[in-house]
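Only one structure is covered here, and it is reproduced in the block below.
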Amino acid sequence: MIGKNTQIIAFVILALTQLVIPANMIWQQEQLLEHGTEYKFKTAPVDPNDPFRGKYITLSYEASSFDVGNEMDWDHGQAVYVELTTDQKGFAKIASISHGAPDHTEAYVEGSILFVTRNGSNRVTIGYPFDRFYMEESKAQPAEVTYQTAQRDTTKTTYALVRVKNGKAVLKNVLIDGVPIKELVGKELLEND
């Protein structure tokens, strides 16, 4: 029989563990938001038949395809480390990809290979861990419409603001011509009331 003190100690340890694990996850995300390098990922149009599931917008990025030396070195679902840089307009672009984490920079994110061409073009498509932008339920549907409309309008620039550091990434916001989508949706909802 286990003593009462042992049971209390075990309970306290269990309770603390249940608090420490989620608190640590939150702390890591906050550290990334505070200290990570900020990149603007220009979004690309998504199939309008299913771009939205639940309470989030599904995002696709222009900086998701990359030419590799040999497509046979890559497989669907494989982890990949994407080293980032920016173009002349300040948008993220892929500098290189590798099987292991680069040790010369913090400006990389871990993703996965979504597609390998296998036709000799030596091109891979990369999936990022920040392809969903969550919103409150009341703004989700109007945000979907606003996002899709902006994607079709070639005069508008739609991009995701992402903080990146040492392989980790946090999607901070989605902007249309520099204005957060939540603000645009909020204005539209007020105008329609």
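The values are calculated or read from the model by the stated rules, or taken from the named source; none is laboratory data. In this text, all values refer to a predicted model and were calculated from it rather than measured experimentally. When we count neighbours, we look across all protein chains shown, and the Cβ atoms used for this are built from the backbone with ideal geometry, even at glycine.
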Exercise for review: Just need a number here: residues in the range 55-98 that are β-branched (Val, Ile, Thr), at pLDDT below 95 and touching a Ser or Thr at 6+ places or on another chain (Cβ under 8 Å).
Suggested key: 0
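Each row is one residue, and each column tells you yes or no for (1) among the basic types (Lys, Arg); (2) more than 14 Å from residue 59 (Cβ to Cβ); (3) in contact with a Cys (Cβ under 6 Å, 6 or more places away or on another chain).
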residue: 93; (1), (2), (3): yes, yes, no
residue: 100; (1), (2), (3): no, yes, no
residue: 124; (1), (2), (3): no, yes, no
residue: 131; (1), (2), (3): no, no, no
residue: 156; (1), (2), (3): yes, yes, no
residue: 164; (1), (2), (3): no, yes, no
Check your understanding: Pairs under 9 Å by beta carbon, first residue closer than 26 Å to residue 106 by Cα in the range 4-31, partner exposed (fewer than 10 other Cβ atoms within 10 Å of the Cβ), six or more apart or different chains?
Key -> none
Revision key, fill the gap. Checked the range 137-168 for anything assigned to a loop (DSSP other than H, G, I, E, B) and in contact (Cβ under 8 Å) with a residue 40 or more places away in the chain; matches are 157, 166
**Study point:** residue 18 part of a helix (DSSP H, G or I) and surrounded by 11 or more Cβ atoms within 10 Å (Cβ to Cβ)
**Key:** no
Review point. Given (1) surrounded by 15 or more Cβ atoms within 10 Å (Cβ to Cβ); (2) modelled with pLDDT under 90; (3) touching a strand residue (DSSP E or B) at 6+ places or on another chain (Cβ under 8 Å); (4) closer than 17 Å to residue 41 by Cα, where does residue 148 come up short, assuming only one miss?
Key: (3)
Revision key, fill the gap. Residue count, the range 82-124, condition buried (at least 17 other Cβ atoms within 10 Å of the Cβ) and among the hydroxyl-bearing types (Ser, Thr, Tyr), comes to 1
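A quick yes/no check of all residues on (1) closer than 20 Å to residue 36 by Cβ; (2) touching a strand residue (DSSP E or B) at 6+ places or on another chain (Cβ under 7 Å); (3) acidic (Asp, Glu); (4) part of a loop (DSSP other than H, G, I, E, B):
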| position | (1), (2), (3), (4) |
| --- | --- |
| 69 | no, no, no, yes |
| 72 | no, no, no, no |
| 81 | yes, yes, no, no |
| 93 | yes, yes, no, no |
| 115 | no, yes, no, no |
| 120 | no, no, no, yes |
Point to revise | Residue list for the range 59-105, restricted to those being within 15 Å of the chain's Cα centre (by Cα) and among the basic types (Lys, Arg) | key: 93
